[in-house]
Structure formats: structure tokens, C-alpha cells
Amino acid sequence: MASIYDELTPTWLKNNFLVGVDLTLDDGSDYPEELYTNCIRSSVFHLEHELGIKIDQVTVTKERHDGIEMLRSGFFPFRLDKRPVHSISKANIQYGSYEPVELPIAWVQRVSDIHGQIHLIPSKDQLGSYSFHAGIPLIMGDILQPLDYIPGYFDFSYVAGFGHETGTVSISAGSTTSTVSFSSDFMDAEYTVTPTVTVSGSGGAQTLTASVSSKTDSEFILTLSGSLNSGNTASIAWRANGVPYDLRQAIGLMSAMLPMDTAGDLIAGAGIASISTSMDGLSSSVNTTSSATNAGLGARILSYSKRLKSMLPALRAKYSPINIAVV
């Protein structure tokens, strides 16, 4: 399974959020890569908890939900624990310690991936000799033994988080486009695709690029920037990242603060506001914004902090579900 960390790397952080910052120690050596990796991962985890979502993909197995008969009229609505929902692989029912019975996956309708909302709606697919008429599947309940509530009756296995996929397609001479389909639909068409083109064959060296168009939640089209020479084939390696730009921006702003805090301390030394030297009547001095309580890059850190703070309400509004209870 591809991961968000394949794209959100230390290089990504430096090129997008740490431009112009001296990222070296006093001896001239570079900061350890673990510093950036730890900052990116901790920022992802922090925003996952802040927004109640999974950013990197996670596989959930047998998440159990109670069976409540009165929810039948609403086609058994469930809100899965992890969201957004990327794909659902299995749905079971299990009564106590009896062996579970697998429901047709076609019955599971993803109503709102971003909020993890699903429903069970019967289709032409039947469960062996049973059909989903009324009450709880299989255990209908009758006048002699009505069953209104069964704890942990349903369980679901699924993948949560934003879509990440990689692949390779080939285009031969005489064609310039290829349609790529995802193995599982993305939540929407806000993903980004990064293609890398390699041309080989007997038609001579060529340098081509590829553009992305006609994006949907299930596929997109790759188009070469020019025609292939006869005898050549283009191999396009692509990477699709479903994490929206605003969420990636928030991750980058948060991840950049600790490296900048460290860099600010090393401008003249931790907690040193000014430094001066003199010899034989010559003197020089350097004043910084650093102090015992303020980092040398404090202004930029404050700017990043304000931008992040202004983004969070919009992100919460986008990803937080609306909960309504009627008593």
C-alpha cells in the first residue's frame, strides 16, 4: 500500500516551507534527516487527532457495531470509526459466538466517505437462501422471540484514509494517451498525480513529459507532450495522492516550526541576542532577534503559526460530521 510519506518527505518540507533557512549545524554539517521525518509524522498524527480523521491509509479489520432493529427503517445507518472511507472489503454478521456470516458487499452503500457514513441496502445479491426482508438479517425475530438489539452483531473490514496509489503504464508509437483506472475509487477528484516518463526503443533518444486531464474519482488520462518516434515506447510511472492541498499545507506549516526553532537558536548560539568581537582597535558586532525566550526566526514561526491557526476552523468544518440527536 502506498503511503503519504512517500511524497511528504524531508526534501518536500525543505523545498516548500524551509526555503532560505540555514539548515546546518555549527560544524557545517546538515541537520539529521530524522529531524524532518519526525516533524512530518508528528504533524500528521496531531492533525489526525485534531480533525478526527485518518490522513495516511490504515486497514481496519472486523470493526464491530451493534444491531438495533429499529434502525431497519433507515437501512441500518452506521458511522465507521475511521474516516474518510477509501474502500470496504467485507461486511459480516455474527450472533454471539456462532460463526460469522458474510453479507454481500453490494449491500454496503457508502453514502458519505468523508464522514464514514454507510448503509445496508439489499440488492439482487442474496445471502444464500436468506433474503433481507425485514428486521435484522438472518435473525428476523418473530412473535415468540423478538430481537430488538444484538450487541456487536455487524462487523466491517475496510481501508480508511485518503487514497494513495502508484502504477506504471506503457504507450507505444502511434498513440499519445492512456486512461488509468484506480483499484478503488478515490473520495473525490481533488487528488494530484505526478507522472514520470521514460522513453526507450530503437527510435532514438527522446525527452517527453506527460500531463494529467479528465480526473474523476475512479480514473484519469495521461497525455504525452509529443509523438513517439517509430520503434519507441514510453513508460509512465505515476503516483496519485488524495490528500487535498489545504491539508498538505497545514502539515507543512506545522512540520516546519521545529526545524526553524532549531535554526533560530544556532544563528549566534542558543539564547544569545548579540555577539561582538574586538582586536587591535577593530570591532564587529551582530545583533539578532534571539533571546532567552525568543527564537532567532521567531517572526517566521509566528507567521506560520497564524496561518495554521486560520486554516484549522475551515478544516474542522470540512471534516467534522454533524451529529444530531432527537430525544
Of the listed residues (96, 20), the one being on the phi > 0 side of the Ramachandran plot and touching a strand residue (DSSP E or B) at 6+ places or on another chain (Cβ under 9 Å) is 96
In segment 20-75, anything closer than 30 Å to residue 99 by Cα and polar (S, T, N, Q) is listed as 57, 59, 61, 73
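Can you work out which of the residues in segment 71-84 that are basic (Lys, Arg) and closer than 12 Å to residue 159 by Cα is surrounded by the most Cβ atoms within 10 Å (Cβ to Cβ)?
First, pick out the residues of segment 71-84 that are basic (Lys, Arg): 72, 79, 82-83.
Next, only the ones that are closer than 12 Å to residue 159 by Cα stay: 82-83.
Details: 82: 20, 83: 23.
Here the residue is 83.
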Of the residues in segment 164-200, those that are modelled with pLDDT of 90 or more and either farther than 12 Å from residue 242 by Cβ or of a type in the set (Gly, Ala, Ser) (or both) number 24
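Are any residues in segment 26-70 of a type in the set (A, V, I, L, M) and loosely packed, with under 12 Cβ neighbours inside 10 Å, and if so, which ones?
Of all residues in segment 26-70, those of a type in the set (A, V, I, L, M) come to 35, 40, 44, 47, 51, 53, 55, 58, 60, 68, 70.
Result: 70, single match.
Matching residues to (1) touching a His at 6+ places or on another chain (Cβ under 8 Å); (2) of a type in the set (Val, Ile, Thr); (3) without any contact (Cβ under 8 Å) to a residue 60 or more places away in the chain:
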{"residue": "147", "(1), (2), (3)": "no, no, no"}
{"residue": "177", "(1), (2), (3)": "no, yes, yes"}
{"residue": "190", "(1), (2), (3)": "no, no, yes"}
{"residue": "205", "(1), (2), (3)": "no, no, yes"}
{"residue": "220", "(1), (2), (3)": "no, no, yes"}
For residue 110, the lone unmet condition from (1) within 19 Å of the chain's Cα centre (by Cα); (2) more than 20 Å from residue 124 (Cβ to Cβ); (3) buried (at least 18 other Cβ atoms within 10 Å of the Cβ) is (2)
By my count, strands (runs of 3 or more DSSP E) wholly in segment 145-221 with at least 1 residues that are within 30 Å of residue 70 (Cα to Cα) are 149-160
Expected output for segment 150-170 (first residue under 30 Å from residue 234 (Cβ atoms), partner of a type in the set (Ser, Thr, Tyr) and in a strand (DSSP E or B), Cβ below 7 Å, 6+ apart or cross-chain) is 168/235; 169/178; 170/233; 170/235
Scanning segment 140-154 residue by residue, those surrounded by fewer than 18 Cβ atoms within 10 Å (Cβ to Cβ) and either modelled with pLDDT of 95 or more or of a type in the set (Val, Ile, Thr) (or both) turn out to be 143
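The values are calculated or read from the model by the stated rules, or taken from the named source; none is laboratory data. As the structure is a prediction and not an experimental result, all values here were calculated from the model. Glycine gets a Cβ as well: all are built from the backbone with ideal geometry, and neighbour counts include every protein chain shown.
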